[in-house]
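What follows is a set of notes on a single structure, which appears directly below.
The values are calculated or read from the model by the stated rules, or taken from the named source; none is laboratory data. Model, not experiment: these values are computed from the prediction. When we count neighbours, we look across all protein chains shown, and the Cβ atoms used for this are built from the backbone with ideal geometry, even at glycine. Ligands, DNA and RNA are excluded from the accessible area calculation, which covers all protein heavy atoms including side chains. Shrake-Rupley method; radii C 1.70, N 1.55, O 1.52, S 1.80 Å.
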Amino acid sequence: MDPAVLIFLLYVMIAHELICGFVQYRRQSAKPRKRAVGPLLRPSARVCQGVWRSSSQPVRTNRGERDLRKMGPPLVQDRQSRNCPYKKTPEAFCHTVNMASVSTSGSLNKVVRQQYMNLAQGKKCQVTYIWIDGTGEGLRNKTRTLDLEPKSINDIPEWNFDGSSTYQAEGSNSDMYLIPVSMFRDPFTLDPNKLVLCEVLKYNRLPAETNHRARCNKVMEEVRDECVWFGMEQEYTLLGVDGYPFSWPSNGYPAPQGPYYCGVGADNAYGRDIVECHYKACLYAGVEICGTNAEVMPSQWEFQVGPCEGIEMGDHLWVARFLLHRVCEDFGVVATLNPKPMTGSWNGAGCHTNVSTRRMREEEGLQYIEQAIEKLKGKHKEHIKVYDPHGGEDNKRRLIGQCETSSIDDFSAGVANRGASIRIPRQVGQERKGYFEDRRPAANCDPYQVTRAIASTCLLDTDQDDGDE
């Protein structure tokens, strides 16, 4: 055969293979990608929707041929429109939905860990000391071994730590004392191991600057006969380690607030596993937790602690916070107490504080509630200074008179009014006895500061400025 013919046939075969490969590639790329049911089911899912317009405009449908007018606003909103997170897009859009970043330690093999946790420890007991660091918000902890299980707080010895590494001392004089004050069971390493909340003392054995428990305890001793009960509603927001709300679209916003408060379903409740594990951990530890619920903003939750009498309110809430952070650590996410984690029309996070005395709980106790509210009105500014750890600066972002808050500049009170500084529950107004709710404390408040200020103002008639330390 002529060599020229052979060369020609060879080129034809090569061209045929190239054309067949190209056609096969186009066929594969033209196949529609399997659509994820929701952003929680896949690390990265493609979500495409058409126009959401008024009925006067042409009706557009999504891939499921559902009328977008009946679906409400699109799930994903352009994060660039920060001034209006609910803004409807004028044309079809397509975003990638990513779960919030999860820490690498949270994905470690828990089965391997459990193998070691099941090992016997004899009569030895692990005791984890917990304390508040120099920020007034952060918690620190370290563990030691005792020869026997402690039966009471008196069986746990004092300890010390390096205060220069916790914003509490200079390196040249860094030893700080840990004074055990309240003991709980350890839900992570289980019985007989313990968690111990501690006060922090400086080298001269005076309370550290962020040790507000010592001062609070003095006030609670003075008002012991009043049998003051507190209940605090701790709101918090779940974040990825990237600082963005857990399970929110990475380049957008979820649907507007409305379906999330006490909501159910994968599209309404983000992170319920964490919430339920924290609840169980608190019950096991002996924390006086009394409830939990999803909050108004997606990825925002609340748990309630109380009723607790006197100083126990601060003790139990701080330990509940520690347990929350530890549970989140296991899941690889972050719990923030930031009073306003997202700007715009998203609810902030508070720590509403419910208060009652023995006389308020008795028949016709409403008159004592009203007297207490009048005293709180006279010290509104002083209370604002201690209702967050930065002298009221955090609450300036939250108490704006919107999103179920009062104005930081004005004091108000009302029955069943969640836009007031002080709310009297409707049932209390009808029965004329019970308690009142101070809605001003921020989520990151120090409960010792809050309960001390309320008890001092309502029961001691002191002219002392609660903002002074």
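Annotations
- Surface listing: V219, V23, V181 arranged by accessible area from highest to lowest gives V23, V181, V219, probe 1.4 Å.
- When region 182-332 is reduced to its Cα atoms, the Kirkwood hydrodynamic radius in Å: 17.3 Å
- Between A413 and S421, I422, the built amide H atoms are under 5 Å apart, and every one of these is 5 or more places off in sequence or on another chain.
- Three principal axis lengths of region 364-451 [C-alpha, angstrom, descending]: 38, 26, 20
- Extension reserve of the D409-V223 stretch, reckoned as 0.36 nm per residue once the Cα distance is removed: 64.0 nm
- Debye-sum result for region 270-391 in log10 I(q)/I(0), which assumes one identical scatterer on each alpha carbon, at q = 0.09, 0.10, 0.22, 0.23 Å⁻¹: -0.33, -0.41, -1.34, -1.37
- E393/D147 FRET efficiency (R0 45 Å; Cβ-Cβ; nearest 0.05): 0.45
- Distance from region 121-165 to region 177-255 (C-alpha centre basis), Å: 14 Å
- Taking amide H atoms as placed 1.01 Å from N in the peptide plane, the amide H of S406 lies under 5 Å from those of G401, each 5 or more residues away in sequence or on another chain.
- Amide H to amide H distances under 5 Å link S250 with N98, where only residues 5 or more positions off or on other chains count and H is placed in the peptide plane.
- Cα-projected label distance for E364 with D242, points at 7 Å along beta-carbon direction, nm: 6.3 nm
- Residue-wise HN-Hα coupling along region 211-223, computed from phi with Karplus coefficients 6.51, -1.76, 1.60 (Hz; x: Gly, Pro): 8, 7, 5, 4, 5, 4, 4, 4, 5, 5, 5, 5, 9
- Radius ratio Rg over Rh of region 405-459, counting only Cα atoms, Kirkwood formula for Rh: 0.99
- 20 Å cut-off, amide nitrogen to a point 7 angstrom out along E158 Cα→Cβ, residues in region 198-233: 198-218
- Efficiency of FRET between N109 and S165 - r from beta-carbon atoms, R0 35 angstrom, step 0.05: 0.70
- The P(r) of region 146-259 has a tail past 25 Å containing 53 percent of all C-alpha pairs.
- Once you reduce region 278-313 and region 361-430 to the center of their Cα atoms, the two points are 21 Å from each other.
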